[in-house]
Amino acid sequence: MFTLWWSIGVSVLVSITILSFLAIKDEAAQLNQALSGITDTAGSFLGGSDLFSPIGYLNSQIYFILLPILVIIMTVNLASSLMSKDESDLTVELVLSRPVSRNHLMFGKLLAWFTILFTVFVVSYGVAAVCVKIVDMPINQWNLLLTHAISFIFSASFGLIAFALTAVSRFTRRIAGVIAIVFSLGGYVISSLSGFVDGFKFIAKLLPYHYYDTVQMLSGKVDLGLVIYLVGITAVALVAMSVGYSRRDIG
Amino acid sequence: MASAIVLDKLTKYYPGSKAPAINQLSISIKSGEVYGFLGSNGAGKSTTIRLILDFIRPSSGRITVQGMDSVADSVAIRRHIGYLAGDVALPKRVTGRQLLHHLASLSGGIDLDYLGKLEKDFQAQLDKRIGTLSKGNRQKIGLIQALMWQPNVSVLDDPTSGLDPLMQEQFYSAISDAKKRGAAIFLSSHSFSEVERICDHIGIIRAGELVYEGTVASVAAKRMPNWQVTVSSKADAATLKKSKSLKVSNLSDLSLTVCPVASISSALLALSKVEIKSMTIKQDNLEDEFMSFYNQEGQK
């Protein structure tokens with residue numbers, strides 16, 4: 001049910017947003033010109049000042065903030081639920097009383113988390129691809145697939161952080177969701193402000209949102225810094241959860 | 001006979017707690033033996049059980065089950081263990097049969113004929129969703145999942161909680177069968193009559209420390225009787241109170257509880273010196289023994 005409702009929810013939001021482009025499609029150039037006075041600060045929170053060209057629209061309305069926020073909430077919530085629920089209601093003891101290793105159990109949960117995420121990704125991408133065709137956006141389908149996929153993977157990285165924190169220790173289990181959400185949304189705010197607040201410039205470079213450039217992705221390019229972050233955080237999270245979960249007290 | 005479960009100087013501190021939940025606990029349980037573990041709430045019974053199952057890790061000390069280390073060989077050990085948690089937690093959305101088959105698939109299968117026997121013996125409702133079952137019926141499913149492996153070692157936390165007397169009898173019968181098969185059974189219980197009935201050894205734990213361990217028979221043997229005596233006068237009552245052979249407490253002016261201090265014969269001699277109108281023997285049981293350990297703590 002979780003998978004079904006999230007698939008429907010994300011797909012409906014994506015489809016409504018893309019189909020709304022029909023209403024402004026013919027006035028895109030004029031609208032961009034009319035809003036050329038938009039402040040850089042406001043533009044940076046939307047991923048740039050181009051809001052109405054096909055790439056600018058998909059960037060500002062879906063991939064820069066809407067889709068990541070939805071997927072971050074979904075993956076963090078799902079990770080915390082998968083890792084914590086059976087531990088707090090003690091049903092985990094039933095499984096762990098059988099010849100099943102802790103890592104086997106944990107990676108089974110990780111596989112379930114990934115499968116749900118992948119299902120929502122496939123459904124929502126399919127809907128996005130069809131809607132882009134319907135409104136006749138001149139967007140390369142491979143670039144759309146790349147952007148949709150990277151957007152999911154980037155957002156899921158915060159879910160993976162929540163997963164790892166929940167697995168590592170009983171203390172971090174309690175605060176995993178909060179840390180993941182604060183890290184993701186805080187990173188978004190700091191990265192968006194870093195162009196105007198000197199003090200944030202260095203910090204922003206340490207945060208993943210700094211490297212998350214969906215305009216580039218819709219043009220078929222991915223920032224190397226983002227790739228390094230995604231590979232690095234995945235490796236660190238997998239090692240941390242494997243070591244932590246196999247050593248800590250359960251329940 | 002070889003020891004099936006050995007707890008060796010086991011100590012467990014929970015994070016943030018200065019006092020140990022378990023302190024230097026050493027217990028040995030042989031194959032074919034039923035060991036009853038008694039203690040008040042928070043004494044450390046469930047912590048001990050969770051250490052045996054490797055849900056939590058010892059701060060120091062070691063546990064071996066059938067010669068294997070509880071931490072290093074935890075997966076291998078669980079092939080030989082049947083476990084029932086206290087106040088068993090079961091997933092509510094599945095049926096009992098679905099749950100049992102899922103657990104069986106994690107363990108490489110079970111003897112379906114034996115599962116059918118347990119289902120029949122316990123009159124378990126395996127085809128209803130667990131969330132719709134009463135506590136007693138959920139407990140039956142918990143017991144079946146602990147026993148269906150015909151394990152060499154059973155670790156059972158308050159196994160008859162919520163069961164009616166008929167089902168308790170079925171459980172005792174299943175334990176008896178397991179014992180005949182040579183299985184070691186470690187159970188915690190709040191029912192003293194149950195422990196007296198089915199256990200060979202008992203251990204009493206208080207504040208994380210083992211304060212008594214012995215056979216159920218040895219508990220019975222070391223008991224001194226209590227007599228409730230009614231004497232004919234206050235002078236007789238005073239005489240008994242002065243006697244060094246008796247420990248006397250008043251129920252009323254003429255009605256006393258009398259207990260031998262050293263030997264029964266010297267106590268009877270002291271009693272023979274007064275006129276007794278009535279005398280009844282109060283039969284101590286395991287519960288009295290248990291309470292005496294806890295009362296000693298209160299007097300410290």
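Worth pointing out:
- Values of log10 I(q)/I(0), in the order q = 0.08, 0.13 Å⁻¹, for the protein assembly as shown under a Debye, Cα-only, solvent-free model: -0.71, -1.19
- The alpha carbon radius of gyration of chain B, expressed as a multiple of 2.2 N^0.38 Å, is 1.22.
- Cα lying deepest toward the dipole's positive end in the stretch A:122-251, options A:Ile190, A:Ile134, A:Leu144, charges on Cβ: A:Ile190
- Cross-link partners of B:Lys120 among lysines, defined as those whose alpha carbon lies under 23 angstrom from its own and excluding same-chain residues fewer than eight positions apart: B:Lys92, B:Lys128, B:Lys135, B:Lys140, B:Lys179, B:Lys180.
- At the listed q of 0.23 Å⁻¹, the Debye profile of the stretch B:56-132, built from one uniform point per Cα, gives log10 I(q)/I(0) equal to -1.16.
- Most fluctuating residue given options B:Gly82, B:Gly42, B:Gly16, as computed from a GNM of chain B linking Cα atoms under 10 Å: B:Gly16
- A viscosity of 1.306 mPa s and a temperature of 10 °C, combined with the Kirkwood radius over Cα pairs in Stokes-Einstein, give a translational diffusion coefficient for the stretch A:116-251 of 95 µm²/s.
- For the protein assembly as shown, share of DSSP beta bridges that run antiparallel, in % to the nearest 5: 65 percent
- The count of lysine pairs in chain A that are at least 8 places apart or cross chains, and whose C-alpha atoms lie under 22 Å apart, stands at 4.
- All Cα-Cα separations within the stretch B:190-251 were binned at 10 Å from zero, giving a P(r) of 17, 32, 21, 23, 7, each value a whole percent of the pairs.
- The stretch A:42-141: proportion of alpha-carbon pairs further apart than 20 angstrom, %: 56 percent
- On Cα atoms only, tilt of B:135-147 relative to the major axis of chain B in degrees: 70 degrees
- With both residues required to sit in chain B, DSSP beta bridges show an antiparallel share near 65%.
- Among B:Ser70, B:Ser218, B:Ser245, the largest mean-square fluctuation in a Gaussian network model of chain B, built with springs joining Cα atoms closer than 10 Å, belongs to B:Ser245.
- log₁₀ of I(q)/I(0) at q = 0.11 Å⁻¹ - chain A, Debye sum with one point per alpha carbon: -0.63
- Charge dipole (debye, nearest 20) of the protein assembly as shown; +1 at Cβ of Lys and Arg, -1 at Cβ of Asp and Glu: 1320 debye
- Helical mean residue ellipticity (222 nm; -39500 (n - 2.57) per DSSP H run of 4+; nearest 500) of chain B: -10500 deg cm²/dmol
Read the figures in this text as sums done on the coordinates, not as results from a lab. This structure is a prediction, so every number in the text was calculated from the model and none was measured. Backbone-built Cβ (ideal geometry, glycine too); neighbour counts: all protein chains shown.
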